[in-house]
1. Sort through SER147, SER206 and tell me the only one that's surrounded by 13 or more Cβ atoms within 10 Å (Cβ to Cβ), at pLDDT 90 or above, at negative phi and of a type in the set (S, T, N, Q).
2. Is there a residue in the range 69-87 that is modelled with pLDDT of 70 or more, in a strand (DSSP E or B), aliphatic (A, V, I, L, M) and surrounded by 17 or more Cβ atoms within 10 Å (Cβ to Cβ)?
3. Report yes if LEU189 is crowded, with 18+ Cβ neighbours inside 10 Å, not in a helix (DSSP H, G or I) and not β-branched (Val, Ile, Thr), otherwise no.
4. So, in the range 98-146, exactly how many residues are part of a strand (DSSP E or B), touching a Pro at 6+ places or on another chain (Cβ under 7 Å) and farther than 15 Å from HIS63 by Cα?
Amino acid sequence: MNNNQERHMQLFELKSLSRRGNKQADGSYEVHEEQLGIFDSVAKAEAFIKVMIEKGRGYAGYHGFFIYEKTLNCGLMGRWHAVCHYQSVRSYLSDGTRYCYSPYDDTSVKPFRGRPEETIKLKVGVLAWYWQNGTIRPCIVSGVPCSEQKYQQMEKKHGQDLGLDYSDDCYTVLLYEEEHQHPQCWTLLPYYGTITKRHWQRLQTSVKHVEAR
């Protein structure tokens, strides 16, 4: 290796997401994110997910898991978040099934040219869980990320690069009170459990109001 070439260590931080408290009036729950460990490979982190699921059987445990890929890029004198750069986030369902892989770019300089079609798991009109600011909320998907094929078609149509970055790798969702958001793919998980008729009607009302604008 060239002496001038930097060496970076890849680390994989595993966290769990668990529900806390009772369901709120809008169908949401408070959630707690807990660090479970730091590993030197995805395989080791995934193996530990299985261990935690086995330990957690017998109670309404995990809502999901996340593996944050990070590059250690400077000395350890600083705080953990200050000495690492995020590279990607992998999300997993409560049974440990890998669900979504999202390259991460907190500088918004890496170009985004569409997501593989098979990785767009949620479709327009379906119900999903949206994780944001310590809460998971039911939402209806109203838009999906740009696929690689669609990006190529749009690029050909416009005759130039579209100038997208990884902040554009997102869904569009509708929540209560006609609120809409553009969450990153890894913050959405398939909806499971039951939803009351009242909650469902309120979501549908939000969709109709937005469509009527």
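The values are calculated or read from the model by the stated rules, or taken from the named source; none is laboratory data. A quick note: this is a predicted structure, and the numbers were derived from the prediction, not measured. Glycine gets a Cβ as well: all are built from the backbone with ideal geometry, and neighbour counts include every protein chain shown.
1. Numbers: SER206 fails: at pLDDT 90 or above.
Within the list SER147, SER206, the selection yields SER147.
2. No.
3. When the stated conditions are applied, LEU189 passes them.
4. 2
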